[in-house]
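Okay, structure first, notes after.
Nothing in this text is a laboratory measurement; each read-out follows from the coordinates by a stated rule. Model, not experiment: these values are computed from the prediction. For neighbour counting, all protein chains shown are included, and Cβ atoms are generated from backbone atoms with ideal geometry for every residue, glycine included.
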Amino acid sequence: MQVFKFGGTSVGTPQRMKDVCNLITADGKPKIVVLSAMSGTTNSLVEAAEYLKIGNPEAAGNVINGLRRKYREHIPALYATEEMQVETRELLDNIFLELHDCRALKFSDAVEKDVLSKGEIMSTNMVTNYLRECGIKACLLHALDFMRKAKNGEPDMLYIREHINALLEEHAGYDIYITQGFICRNFDGEVDNLERGGSDYTATLVGAAIRSDEVQIWTDIDGMHNNDPRFVEGTTPVRQLNFEESAELAYFGAKILHPTCIQPARYMGVPVRLKNTMDPAAPGTIINNDMEPGTIKAVAAKDNITAIKIVSSRMLLASGFLCKIFSIFDRYKTSIDMIATSEVGVSLTIDNTSRLAAIVERLKKIGTVQVDNNMCIICVVGDLRSENTGFETVATEALRDVPLRMISYGGSNHNISFLVSMDDKKAALEALQKTLFGTK
Ligand code: ADP
Ligand code: ASP
Ligand code: MG
């Protein structure tokens, strides 16, 4: 069975929801369809939760009421029959009542996650009801019944596999199974989520759990482009990517994919196809095990990076120096992205700065510490095996006018990364576009 995922823009209006329903029923084959919240909804829910956090339930109430008004308008636009309009209005009203009830609760992580979960719960109920109104046998599988994190905070693959397969068996014979992206439960059974943009991750976790033939991620652009279209003009779609290449691009900032969503698909060998809901005939991008030799595929950028340099004369010939440094980062559960070493020092980067002060305090016992904020990792991805001579030179030469704080090459066969200031990001992306892909 195939798994299709549609993002927020793809289900952003009643008409788009109808288009999605036409798309998923066109070939008559059963499929699991993972949906995001309607575009803008999760942002509004985040805003409401922020008001709750600072103790302003009235402002949270205004945001919730604004959303409720929008959703009420969607109902007559989506359903033809009075019966389905009444049923769906009641369902949505109950969800908005639950949101209002959250205002009386003491704010906690659990309350915040509960608030954020409502967008996907609404969109999936709306689409399921529309399909039913159209006479399609549609079944809503609740993600909270099978999507769960393990104790370490990562998706619990065994649990997910066991529970989704049991649910599919229990509800056999439907044409379409709809489920919520993004939302899950934590190890304690509370409502949780897979981080912003996490519906892609739901789709590949489901695809891996049911050993799907293919996971299709439908969005608002014709596949993975060779550079970030939000910053560079003239980007073009890449038609094929290796799992490793796409994982690097996703992790290093290609927003079209959630940072870790390729992992489950790669692990189970399930191909992922990126498609454009606004132009379904466009070929999109296929992600699989194939490798196009000797080709640079794309460039991505990861923002809000902090660089830390530790210089110590004691490093010279000292064994255990790196181990001491890494154990400090490990102790504060902060993962390192890039690293460069020299005889007297180490430079590394992190993107989670929540424990930075404590980390720096400890590092200062080892050497002199310099911290640079507002940096950005620019990542060039393709077949960058060392025998493919010259590619790293071309990339570095393209950036000759950009101050480079760090370079990392050889950590994988697919990536060369440059650390630059955020101020230089656009210029760096444009220079690479021009040199690597021949367009400005
Ligand atoms: P969805 O809501 O469907 O999940 P997203 O907004 O998360 O969609 O992802 C699609 C967007 O990702 C595109 O509209 C585009 O602006 C952005 N994007 C960033 N980098 C790339 C890239 N390399 N290729 C394609 N899209 C990209
Ligand atoms: N609705 C969530 C978000 O906006 C998840 C997703 O769209 O993938 O982040
Ligand atoms: Mg997304």
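Run the reach check for LYS113 against lysines, Cα to Cα strictly under 26 Å, same-chain hits fewer than 8 apart removed. What comes back?
LYS5, LYS53, LYS70, LYS149, LYS151, LYS255, LYS302, LYS333
Taking the Cα centre as origin and putting +1 on Lys and Arg beta-carbons and -1 on Asp and Glu beta-carbons, what dipole magnitude results for segment 1-144, to the nearest 20 debye?
That gives a dipole near 340 debye.
Restricting to bridges with both residues inside the chain, how much of the DSSP beta-bridge set is antiparallel, in percent to the nearest 5?
Looking only at bridges with both residues in the chain, the antiparallel portion is about 60 percent.
Ranking THR295, THR202, THR41 by Cβ neighbours within 10 Å, fewest first, what do you get?
THR295, THR41, THR202
Lys and Arg at +1, Asp and Glu at -1: add these up for the other residues within a Cβ distance under 15 Å of MET291 and post the number.
Summing Lys and Arg as +1 and Asp and Glu as -1 gives -3.
Quick one: Cα centre-to-centre distance for segment 43-104 and segment 175-191, in angstrom?
The distance from the Cα centre of segment 43-104 to that of segment 175-191 comes to 20 Å.
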